[in-house]
Amino acid sequence: MQTDELLTLVNNALEELKAKDIVHIDVREQTSITDYMMIASGTSSRHVAALSDNVVEKAKEAGSKPLGVEGKAGGEWVLVDLGDVVGHIMQPATRQF
């Protein structure tokens with residue numbers, strides 16, 4: 001899957017479940033780890049978990065298996081690593097901090 005397709009997939013998965021304040025940051029010039037960071041907010045720990053689950057589910061359906069998912073147990077912040085796109089989904093207070 002191409003990077004722009006993956007970026008669109010993550011964005012659509014987040015929008016589908018009403019993520020708040022979705023932004024993507026092009027980090028190709030700053031790091032070789034990933035191309036884009038997608039940042040979004042959920043309204044509660046359940047919402048954050050549901051958003052991350054939806055991103056993972058949609059990525060798997062498209063044939064792009066996540067390299068890792070971190071932080072889901074806490075529910076305040078979840079990282080979904082899809083290689084070229086890394087999703088950061090968090091509650092607003094955590095994001096503000």
Using a 1.4 Å probe, what is the accessible area per residue for the chain, in Å²?
59
Compute the relative contact order of the chain as a whole-number percentage, counting only Cα pairs closer than 8 Å that sit 6 or more residues apart in sequence.
29
Computed for the chain: size of charge dipole around the Cα centre, +1 on C-beta of each Lys and Arg, -1 on C-beta of each Asp and Glu, debye to nearest 20, value 360
Of Met37, Ala73, Val23, which is farthest towards the positive pole of the chain's charge dipole, taken about the Cα centre with +1 and -1 on the beta-carbons of Lys, Arg and Asp, Glu respectively?
Ala73
Simple spin-label model, 7 Å along Cα-to-Cβ: Thr8 to Thr31 in nm?
2.5
Helical mean residue ellipticity (222 nm; -39500 (n - 2.57) per DSSP H run of 4+; nearest 500) of the chain
-11500 deg cm²/dmol
Using only Cα atoms, tell me the angle between helix 3-16 and the longest principal axis of the chain; keep it within 0 to 90° and round to the nearest 10.
20
Against the longest principal axis of the chain, how steep is helix 45-61, in degrees 0 to 90 to the nearest 10, with axes from Cα atoms?
20
Going by the alpha-carbon gyration tensor, a ≥ b ≥ c the square roots of its eigenvalues, is segment 25-97 rounded (a/c under 1.5) or, if a/c is not under 1.5, prolate (a/b greater than b/c) versus oblate?
oblate
How large a share of the accessible area of the chain, in percent, is made up of carbon and sulfur atoms when the probe is 1.4 Å and the other protein chains stay in place?
49
Which of Ala40, Ala62, Ala19 ends up with the largest GNM mean-square fluctuation for the chain, with Cα atoms connected below 10 Å?
Ala62
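The values are calculated or read from the model by the stated rules, or taken from the named source; none is laboratory data. No experiment lies behind these values; they were computed from the predicted model shown. Don't worry about glycine lacking a Cβ; one is built from the backbone with ideal geometry, like all the others, and counts go over all protein chains shown. The protein model used for the area step is the full one, side chains on, heavy atoms only, and it has no ligands, DNA or RNA in it. Shrake-Rupley method; radii C 1.70, N 1.55, O 1.52, S 1.80 Å.
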